[in-house]
1. Determine which single condition Ala129 fails, assuming it passes every other condition in (1) over 14 Å from Thr430 (Cβ atoms); (2) more than 16 Å from the ligand (Cβ to nearest atom); (3) small (Gly, Ala, Ser).
2. Is at least one residue of the stretch 183-200 over 27 Å from Leu53 (Cα atoms), surrounded by 16 or more Cβ atoms within 10 Å (Cβ to Cβ), touching a helix residue (DSSP H, G or I) at 6+ places or on another chain (Cβ under 6 Å) and among the hydrophobic types (A, V, I, L, M, F, W, C)?
3. Return the residues of the stretch 396-420 that are out of contact with any Gly (no Cβ under 9 Å at 6 or more places or on another chain), surrounded by 12 or more Cβ atoms within 10 Å (Cβ to Cβ) and not in a strand (DSSP E or B); say none if nothing qualifies.
4. Given (1) more than 18 Å from the chain's Cα centre (by Cα); (2) away from the ligand (no atom under 11 Å from the Cβ), where does Phe172 come up short, assuming only one miss?
5. Which one of these is closer than 20 Å to Gly51 by Cβ, buried (at least 18 other Cβ atoms within 10 Å of the Cβ), assigned by TED's automatic domain parsing to the domain that holds Arg418 and at pLDDT 95 or above: Gly235, Gly268, Gly244?
6. Are any residues in the stretch 120-142 farther than 14 Å from Gly252 by Cβ and basic (Lys, Arg), and if so, which ones?
7. Which of the following residues is within 14 Å of the ligand (Cβ to nearest atom), surrounded by fewer than 24 Cβ atoms within 10 Å (Cβ to Cβ) and more than 30 Å from Asp317 (Cβ to Cβ): Val159, Val214?
Amino acid sequence: MKLNRREFIKKSTLSAAGIGMFSILPSSVWGAKVPPSDRIHVALIGCRNHGFLILRRHLDQNDAVCTALCDVDENILNDRANDVKESYGQEPRLYTDFRRMLEQDDIDAVIIGTPDHWHCLNFVYALQAEKDIFVEKPLANTIGECKIMLDAANRYNQVVQVGQQQRSNLAFMETVELVKTGAIGNLRKVNIWANFNYGIGAAPADDSPVPEGVDYDMWLGPAPERPFNRARFHGSWRHFWDYGSGLFSDWGVHLLDMALWPEDLLDGPKTVLTYAGDTSGRKGMRETFDTMNVVYPKDNYVINYDMTAGVQEGPWDKPYGIAFVGDDGTIVVNRNGYDLYPEYDHSMGRHRAESRTLSGLSDAHEPHVRNFLDCIKTRETPVCTPEMGYAAAVHAHIPNIAGRVGVNHLEWDDENLRFTNSDAANELITPEYRAPWRLPEI
Ligand SMILES: NC(=O)c1ccc[n+]([C@@H]2O[C@H](COP(=O)([O-])OP(=O)(O)OC[C@H]3O[C@@H](n4cnc5c(N)ncnc54)[C@H](O)[C@@H]3O)[C@@H](O)[C@H]2O)c1
């Protein structure tokens, strides 16, 4: 039997690790000397910012190599190719059309670091090309696209990690474990806040000619045709509904993902109560809201989300974070660490829980990427699945839809993918793609 490269990597890894005994490969198995033939060949679509950081985290592991880069802005493509050469001594092939890149057999895994409106097409094409995928969050820019991606992931059976890296962050992992094991008693509320200056939008700019080296039509892709404007382009696209969903979905998927984790909730919310507006008086270039307060009643607890774009301070001296409130204590957590504040029980003369603190952590991209690479070899399921990406994204998209159609109370039927009390909201579930692009049919 002739094995292809990917099957060979998987087979040789499983036997090297004595799989069956270990569920996660110890990194020592992939120690300093990984033969070139056993390396995972990684390609990146969307190279400017976060996708490239994720690529770096892959290349910092000694069992991944960069085979190809793809971007529609040749200036960025060339800069990133130089960066890869300088930092890692590797010379990836360069592409401006991700479909051509995906045709290449020597690519094992693809990182999707494009703006959100591209994720669905990048993802489905990559699955159909039999690539494993690290897809950035939010899973997609609309609920309908998220569902297509979920169905595609289930059909095509590749390894998929969603870039909600807090699933690999020790502070959140320990916090959720404490909540699940009853350390703060009965969980009653999850209070989330997110305050960031960038959420106010970019400085206003006039429409202008497309910069040299940019394939703007391919940047727009399935989104409606519009004149070029810098304030809607690199980085700033996230404040315009055609490409992104503002600060609320940008941070919302990370933080809501944590709020769903204690009960492993994987469906969209049944009921969502939303205030969405503009209270800052600062009109950067954006369509998205600068102020949102959202309540998600769950069967056993309630999630509150409080977002104020344009400020950088927040409760507990943190710009963003989550308070898990239980009968016996409250855990306040963000990516840097957590504190457990126990309730004092006067009748018992003692605290009802034990104080705990963890501090000094930073981002969790490295373990999140490591988990992905290990799963490529073992074919196990990574820690952040498309189902988790779907649930977080739907929780983030519904309040934005509520704000856009002016319906503060929305009822959602996750099974049938529709709102039961607003026709206007149903219009915003799935986008119309600009030809020649078509919504994938799974
Ligand atoms: N997990 C996290 O913490 C985190 C943090 C930041 C951003 N992100 C996510 O990463 C993604 C990228 O965000 P960003 O801030 O890096 O955006 P960005 O605008 O800085 O970079 C996007 C890149 O994609 C390229 N691109 C656009 N269309 C393309 C296409 N069809 N083919 C190839 N390249 C294309 C652009 O030219 C640009 O270089 C978003 O989904 C965002 O939500 C995740």
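The values are calculated or read from the model by the stated rules, or taken from the named source; none is laboratory data. From a predicted model like this one, the values you see are computed outputs, not experimental measurements. Neighbour counts are summed over all protein chains in view; Cβ atoms, including those assigned to glycine, are modelled from backbone coordinates with ideal geometry.
1. (2)
2. Scanning the stretch 183-200, I find at least one residue that is over 27 Å from Leu53 (Cα atoms), surrounded by 16 or more Cβ atoms within 10 Å (Cβ to Cβ), touching a helix residue (DSSP H, G or I) at 6+ places or on another chain (Cβ under 6 Å) and among the hydrophobic types (A, V, I, L, M, F, W, C), so the answer is yes.
3. If the condition is that a residue be out of contact with any Gly (no Cβ under 9 Å at 6 or more places or on another chain), surrounded by 12 or more Cβ atoms within 10 Å (Cβ to Cβ) and not in a strand (DSSP E or B), then Ile401, Ala402, Arg404, Val405, Val407, Asn408, Thr420 are the ones that fit.
4. (1)
5. Details: Gly235 fails: buried (at least 18 other Cβ atoms within 10 Å of the Cβ); Gly268 fails: closer than 20 Å to Gly51 by Cβ.
None of the other options fit; the residue is Gly244.
6. Passing the criteria: only Lys131.
7. On the way: Val159 fails: within 14 Å of the ligand (Cβ to nearest atom).
Going through Val159, Val214 in turn, the sole match is Val214.
Results for (1) of a type in the set (Val, Ile, Thr); (2) over 23 Å from Asp132 (Cβ atoms); (3) touching a Leu at 6+ places or on another chain (Cβ under 8 Å), shown as yes or no for each residue.
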residue: His50; (1), (2), (3): no, no, no
residue: Arg56; (1), (2), (3): no, no, no
residue: Leu59; (1), (2), (3): no, no, no
residue: Val65; (1), (2), (3): yes, no, yes
residue: Leu77; (1), (2), (3): no, no, yes
residue: Arg80; (1), (2), (3): no, no, yes
residue: Val84; (1), (2), (3): yes, no, yes
